[in-house]
Amino acid sequence: MKVYKTSNYNKFDYYCKFKKERMLLNHIKRLADRLIKIDLTSILPIICINKGGKLYIVDGMHRFEACKHLKKPIYYIGLSESKFKKSLKRVGY
């Protein structure tokens, strides 16, 4: 799978009915502090579903917010919805 990189945070949205207000802000701050010391985002990209030109985050919401807070680029893997569902089936979901 190809890992992409962007600084356009507007390309992303959340896949589930996840409210940003419910995110753990302390967790985001801790992640941001860690990213300043050791940035592993390029080898631990967020997982997105590419649907209608928008990238919906299914894994890595806190990492996304930490990178956004630090104005760091976002590394992501963009999957079609069908590929994502096939991947879930392979691992037993």
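Taking 25 Å as R0, compute the FRET efficiency from the Cβ-Cβ separation of ILE36 and MET1 and round it to 0.05.
0.35
Calculate for the chain the 222 nm mean residue ellipticity that helices alone would give, adding -39,500 (n - 2.57) per DSSP H run of length 4 or more and normalising by residue count, nearest 500 deg cm²/dmol.
Only helices count here, giving -10500 deg cm²/dmol.
May I ask for the net charge around PRO45, where only other residues with Cβ less than 11 Å from the Cβ of PRO45 are counted and Lys, Arg are +1 while Asp, Glu are -1?
+2
Calculate, for TYR14 and LYS85, the FRET efficiency according to 1/(1 + (r/R0)^6) with r their C-beta to C-beta distance and R0 30 Å; round to the nearest 0.05.
So the FRET efficiency works out to roughly 0.95.
Along Cα→Cβ, 7 Å out, is where each label goes; now give me the distance between the ones at HIS69 and LYS29 in nm to one decimal.
Label-label distance for HIS69 and LYS29, simple model: 0.8 nm.
Run the dipole for segment 1-82 about the Cα centre, Lys and Arg Cβ at +1, Asp and Glu Cβ at -1, nothing else charged, and hand back the magnitude in debye, nearest 20.
Here the size comes out at about 180 debye.
With N set to the residue count of segment 9-70, report its C-alpha Rg divided by 2.2 N^0.38 Å to two decimal places.
Rg over 2.2 N^0.38 Å, computed on Cα atoms: 1.11.
Can you flag which of LYS37/LYS89; LYS2/LYS37; LYS68/LYS89; LYS2/LYS89; LYS5/LYS83; LYS54/LYS89 are past 28 Å Cα-Cα?
The answer is LYS37/LYS89; LYS68/LYS89.
Any read-out appearing in this document is the output of simple, stated calculations on the displayed coordinates, not a laboratory observation. Just so it is clear, the structure is predicted and the values come from calculations on it, not from any experiment. We place every Cβ from the backbone using ideal geometry, glycine too, and count neighbours over all the protein chains shown.
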